[in-house]
1. I need the full set of residues from segment 55-78 which are closer than 22 Å to residue 43 by Cα, at pLDDT 60 or above and of a type outside the set (D, E, K, R), in order please.
2. Just one of 50, 81 is at pLDDT 95 or above and under 19 Å from residue 10 (Cβ atoms); which is it?
3. Quick one: what pairs do we get from segment 36-56, first residue among the acidic types (Asp, Glu), second open to solvent by 20 Å² or more (accessible area, probe 1.4 Å) and in a loop (DSSP other than H, G, I, E, B), C-beta under 8 Å, 6+ apart or different chains?
4. Name the residue, out of 40, 87, that is at pLDDT 90 or above, among the hydroxyl-bearing types (Ser, Thr, Tyr) and out of contact with any Cys (no Cβ under 7 Å at 6 or more places or on another chain).
5. Might you let me know whether segment 14-30 holds any residue that is at pLDDT 95 or above, touching a helix residue (DSSP H, G or I) at 6+ places or on another chain (Cβ under 9 Å) and among the polar types (S, T, N, Q)?
6. Considering only residues that are among the aliphatic types (A, V, I, L, M) and either open to solvent by 70 Å² or more (accessible area, probe 1.4 Å) or not in a helix (DSSP H, G or I) (or both), which ones fall in segment 7-62?
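The values are calculated or read from the model by the stated rules, or taken from the named source; none is laboratory data. Please read all numbers here as calculations on a predicted model, not as lab measurements. No Cβ is skipped: glycine too gets one built from the backbone with ideal geometry, and neighbour counts run over all protein chains shown. For the accessible areas, the whole protein counts, side chains as well, though only heavy atoms, and no ligand, DNA or RNA atoms are used. Shrake-Rupley method; radii C 1.70, N 1.55, O 1.52, S 1.80 Å.
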Amino acid sequence: MEHPVSRVMVQRLCDERADLVPYLTRIVESLERHDGLYATKLAELLPVEVIEELDGWLKGHRAQVGGGDPSLAGTSEGLAVGLELLTRMFPEYADEFFR
């Protein structure tokens with residue numbers, strides 16, 4: 001995995017959302033290839049229901065770190081979370097992100 005946030009997300013998904021584990025390979029593949037998670041790109045690899053579940057899971061994490069920050073708000077177009085936002089949402093290994 002190229003991005004440290006990919007490892008963090010895999011661990012978090014395994015811990016928190018076992019129902020999404022069968023899709024991890026495709027989720028990480030899309031994240032790595034497109035430098036984030038975007039509904040239009042994920043739709044090439046995953047069923048819509050899985051994308052919606054992933055979006056809901058990520059919204060919970062955005063709410064935890066976002067507070068009043070409008071840059072962390074969801075978009076009307078659906079799931080759109082770039083690497084910068086993902087690193088803010090999952091800071092467990094932040095030191096690795098900046099090496």
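1. Matches in segment 55-78: 56, 57, 58, 60, 61, 78.
2. Numbers: 81 fails: at pLDDT 95 or above.
That would be 50, the only listed residue that is at pLDDT 95 or above and under 19 Å from residue 10 (Cβ atoms).
3. 53/17; 55/74
4. Values: 87 fails: at pLDDT 90 or above.
That would be 40, the only listed residue that is at pLDDT 90 or above, among the hydroxyl-bearing types (Ser, Thr, Tyr) and out of contact with any Cys (no Cβ under 7 Å at 6 or more places or on another chain).
5. Yes, some residue in segment 14-30 is at pLDDT 95 or above, touching a helix residue (DSSP H, G or I) at 6+ places or on another chain (Cβ under 9 Å) and among the polar types (S, T, N, Q).
6. The answer is 18, 37, 43, 45, 46, 48.
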